[in-house]
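**Student:** Structure incoming, see below.
The values are calculated or read from the model by the stated rules, or taken from the named source; none is laboratory data. Here the structure is a predicted model, which is why all the values come from computation and not from measurement. Note: ideal-geometry Cβ built from the backbone for every residue, glycine included; neighbour counts use all protein chains shown. Note: accessible area is taken over every heavy atom of the protein model, side chains too, but ligands, DNA and RNA are not part of it. Shrake-Rupley method; radii C 1.70, N 1.55, O 1.52, S 1.80 Å.
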Amino acid sequence: PAGPASRAELAQVLYNFSKLTPTAAEGAAPAAVEGKITLIEKYGNIDLDIMAINLYAAGYKAGDVVTVTVGEHTLDMPLVTNYSDVDTGSLVARDATASSSPYVIVAINMGDFAKTYGAKVGDTVKIELKTAGGYLAEYEAHQVTRTNNRADYSSDAVFANFREIALGDIAPGVLYRTSSPINPEIGRAAYADKLIEGAGIATVVNLADSAEEIAGYLAADSFASPYYKSLYEAGSVVTLSMGVDFTADAFQAKLKEGIEFILAHEGPYAFHCTEGKDRAGFVAILLESLMGATKDEIVADYMVTYENYYHVEKSSDQYATISRIASDILCEISGLDKGADLSKVDLVKAATNYLTGIGLTSAQVSSLKTALSTPIAAEKAA
């Protein structure tokens, strides 16, 4: 079996190969490709036994719009290489060869495809071309890359996607967001751990991991997050193991649990998922809305993550395209359709209604606002 280095090299070869194959617009339309579902992933994505290289060999290309038939459902979606190549809630056929797998994955970005469409292991799936290059402009705008090398970033905080949130009525030194200070998967845990220690974080909401996963990190020979360990052993970390479907009942129930944990503990507070990008992005937008931040401030904070990880520039088309994700999350919180006009929406009221809608009481929401707007006592901060 290939080792990690050779798998990465193979992935790059396959991806490069995809760029060399003819598209349907340049020749005959590619034939339909059929396969079966081999795995339902944790968040409801479906893994197929169709290799991306076989799609490319047949004439398909990243940026095409394809029609995917699963059971009784016929769905149009772009063929791309990352979930983030499409907006939140959008369908996606993903070639994962550049990251994890040579096979095609069909999913809803931040949603549960298997549950939504009743897909099961063994079901037949057919992929057909709908429009050659039909998503190419959007696909190219979404292309972002990052490394896991500290030397490629200007500071530990930028590398770890660590920052204070002090928008609206949130008091300075109270609330922080970060990549994971405990999961070493993307090489940032030790840096994030030192940063939360330096900020005096007293309470952590872990959106990504279960207690079992935490135990695995703690037992690893490479473990290097002693401050996080001290908080965890003191009962100051809640492990929520949340999915990425913001609309799911399970997501909202765990979000409620996380907020109640904040209310039962003292600040400063930090929250994180793995990258501090998607689940953490949703929580940041929700809390910033509740505390009176403007739409522009909220979107700008969301995009700092893309500036940190991927060096996306504010003046670029990429920035404008990706920033729609934050606007769509605001629409979700406000109970509006994606792309709706937010100019007249009272975001504080929308966030309050969202929180009471997931089961928090009005008194709890009021207490949350107080906790986030009250400065940390000077003697404690020192």
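**Student:** Buried (at least 20 other Cβ atoms within 10 Å of the Cβ), under 16 Å from F282 (Cα atoms) and among the hydroxyl-bearing types (S, T, Y): is that true of Y309 in this structure? Steps first, answer last, please.
**Tutor:** Values: buried (at least 20 other Cβ atoms within 10 Å of the Cβ): yes; under 16 Å from F282 (Cα atoms): no; among the hydroxyl-bearing types (S, T, Y): yes.
Considered against the rule, which asks whether it is buried (at least 20 other Cβ atoms within 10 Å of the Cβ), under 16 Å from F282 (Cα atoms) and among the hydroxyl-bearing types (S, T, Y), Y309 comes out as no.
**Student:** Same structure, new question: Which residues, taken from region 195-219, are among the β-branched types (V, I, T) and either in contact (Cβ under 8 Å) with a residue 40 or more places away in the chain or open to solvent by 10 Å² or more (accessible area, probe 1.4 Å) (or both)? If you could, list the steps in order and put the result at the bottom.
**Tutor:** Just the residues of region 195-219 that are among the β-branched types (V, I, T), to begin with: 196, 201, 203-205, 214.
Matches in region 195-219: I196, I201, T203, V204, V205.
**Student:** Within the bounds of region 165-172, is there any residue that is under 17 Å from the mean Cα position of the chain (by Cα) and either at pLDDT below 95 or within 26 Å of T294 (Cβ to Cβ) (or both)?
**Tutor:** Step one: filter region 165-172 for residues under 17 Å from the mean Cα position of the chain (by Cα), giving none.
Among the residues of region 165-172, not one is under 17 Å from the mean Cα position of the chain (by Cα) and either at pLDDT below 95 or within 26 Å of T294 (Cβ to Cβ) (or both), which makes the answer no.
**Student:** It is to be established whether one or more residues within region 327-338 are surrounded by fewer than 12 Cβ atoms within 10 Å (Cβ to Cβ) and either without any contact (Cβ under 8 Å) to a residue 12 or more places away in the chain or not in a helix (DSSP H, G or I) (or both). Step through it out loud before you land on a result.
**Tutor:** Here is the first cut: in region 327-338, the residues surrounded by fewer than 12 Cβ atoms within 10 Å (Cβ to Cβ) are 337.
Subsequent filtering for residues that are either without any contact (Cβ under 8 Å) to a residue 12 or more places away in the chain or not in a helix (DSSP H, G or I) (or both) retains 337.
The answer is yes; a qualifying residue exists.
**Student:** While we're looking at this one, here's another question. Counting only residues that are assigned to a helix (DSSP H, G or I), of a type in the set (D, E, K, R) and in contact with a Ser or Thr (Cβ under 8 Å, 6 or more places away or on another chain), how many does region 184-194 have?
**Tutor:** So the count comes out to 2.
**Student:** Of all strands (runs of 3 or more DSSP E) completely enclosed by region 82-133, which ones contain at least 2 residues that are in contact (Cβ under 8 Å) with a residue 60 or more places away in the chain and within 14 Å of the chain's Cα centre (by Cα)?
**Tutor:** Hits in region 82-133: 103-108.
**Student:** Filter region 122-164 down to the residues that are at pLDDT below 95 and among the β-branched types (V, I, T) and list them by number.
**Tutor:** T131, V144, T145, T147
**Student:** Looking only at residues that are among the aromatic types (F, W, Y) and not in a helix (DSSP H, G or I) in region 134-158, which one is least open to solvent (accessible area, probe 1.4 Å)? Give the derivation first.
**Tutor:** Here is the first cut: in region 134-158, the residues among the aromatic types (F, W, Y) are 135, 139, 153.
Keeping just the survivors that are not in a helix (DSSP H, G or I) gives 135, 153.
On the way: Y135: 39, Y153: 14 Å².
The selected residue is Y153.
**Student:** Still on this model: Suppose we filter region 82-96 for residues that are of a type outside the set (D, E, K, R) and open to solvent by 10 Å² or more (accessible area, probe 1.4 Å); how many remain? Lay out the reasoning, then the answer.
**Tutor:** Start the filter on region 82-96 by keeping residues that are of a type outside the set (D, E, K, R), which leaves 82-84, 86, 88-93, 96.
Subsequent filtering for residues that are open to solvent by 10 Å² or more (accessible area, probe 1.4 Å) retains 82-84, 88-91.
So the count comes out to 7.
**Student:** Assigned to a helix (DSSP H, G or I) and open to solvent by 30 Å² or more (accessible area, probe 1.4 Å), is that true of E164? Let's see the steps before the verdict.
**Tutor:** Values: assigned to a helix (DSSP H, G or I): no; open to solvent by 30 Å² or more (accessible area, probe 1.4 Å): yes.
Taking the combined requirement at face value, the residue does not satisfy it.
**Student:** How about region 54-68: which of its residues are open to solvent by 10 Å² or more (accessible area, probe 1.4 Å) and within 26 Å of the chain's Cα centre (by Cα)?
**Tutor:** K61, A62, V65, T67
**Student:** What are the pairs with Cβ atoms under 7 angstrom where one residue, in region 69-80, is more than 18 Å from A52 (Cβ to Cβ) and without any contact (Cβ under 8 Å) to a residue 40 or more places away in the chain and the other, located anywhere, is β-branched (V, I, T) and open to solvent by 60 Å² or more (accessible area, probe 1.4 Å)? Sequence gap at least six, or different chains.
**Tutor:** Between residues of region 69-80 that are more than 18 Å from A52 (Cβ to Cβ) and without any contact (Cβ under 8 Å) to a residue 40 or more places away in the chain and residues that are β-branched (V, I, T) and open to solvent by 60 Å² or more (accessible area, probe 1.4 Å), there is no close pair.
**Student:** Okay, next question. Scanning region 112-133 for residues that are open to solvent by less than 40 Å² (accessible area, probe 1.4 Å) and β-branched (V, I, T), which turns out farthest from P78 (Cα to Cα)?
**Tutor:** Result: V125.
**Student:** Does A280 count as in a helix (DSSP H, G or I), small (G, A, S), surrounded by 15 or more Cβ atoms within 10 Å (Cβ to Cβ) and in contact (Cβ under 8 Å) with a residue 40 or more places away in the chain?
**Tutor:** Working: in a helix (DSSP H, G or I): yes; small (G, A, S): yes; surrounded by 15 or more Cβ atoms within 10 Å (Cβ to Cβ): yes; in contact (Cβ under 8 Å) with a residue 40 or more places away in the chain: yes.
For A280, the condition - in a helix (DSSP H, G or I), small (G, A, S), surrounded by 15 or more Cβ atoms within 10 Å (Cβ to Cβ) and in contact (Cβ under 8 Å) with a residue 40 or more places away in the chain - is met.
**Student:** Listed residues E164, E185, E213; which is charged (D, E, K, R) and within 21 Å of I298 (Cα to Cα)? Spell out how you get there, then give the answer.
**Tutor:** Values: E185 fails: within 21 Å of I298 (Cα to Cα); E213 fails: within 21 Å of I298 (Cα to Cα).
Criteria check complete, one pass: E164.
**Student:** Can you tell me which residue in region 168-194 is farthest from L287 (Cα to Cα), limited to those that are touching a strand residue (DSSP E or B) at 6+ places or on another chain (Cβ under 8 Å), open to solvent by 10 Å² or more (accessible area, probe 1.4 Å) and not small (G, A, S)? Give the derivation first.
**Tutor:** Our first condition is that a residue be touching a strand residue (DSSP E or B) at 6+ places or on another chain (Cβ under 8 Å); within region 168-194, this holds for 172-182, 192.
If we keep only those that are open to solvent by 10 Å² or more (accessible area, probe 1.4 Å) as well, we get 172-173, 176.
Subset that is not small (G, A, S): 172, 176.
Working: P172: 14, Y176: 11 Å.
Out of the qualifying residues, it is P172.
**Student:** Return a yes/no flag: does region 113-120 have any residue that is among the charged types (D, E, K, R) and within 19 Å of D278 (Cβ to Cβ).
**Tutor:** Within region 113-120, the first condition is being among the charged types (D, E, K, R), and the residues that meet it are 115, 120.
If we keep only those that are within 19 Å of D278 (Cβ to Cβ) as well, we get 115.
Looking through region 113-120, at least one residue is among the charged types (D, E, K, R) and within 19 Å of D278 (Cβ to Cβ).
**Student:** Say we look at region 195-214 and pick out the residues that are touching a strand residue (DSSP E or B) at 6+ places or on another chain (Cβ under 9 Å) and assigned to a loop (DSSP other than H, G, I, E, B); which of these is nearest to L255 (Cα to Cα)?
**Tutor:** If we take residues in region 195-214 being touching a strand residue (DSSP E or B) at 6+ places or on another chain (Cβ under 9 Å) and assigned to a loop (DSSP other than H, G, I, E, B), then L207 is nearest to L255 (Cα to Cα).
**Student:** Within region 239-250, is there a residue that is surrounded by 21 or more Cβ atoms within 10 Å (Cβ to Cβ), under 27 Å from V365 (Cα atoms) and without any contact (Cβ under 8 Å) to a residue 24 or more places away in the chain?
**Tutor:** No - not one qualifying residue is present in region 239-250.
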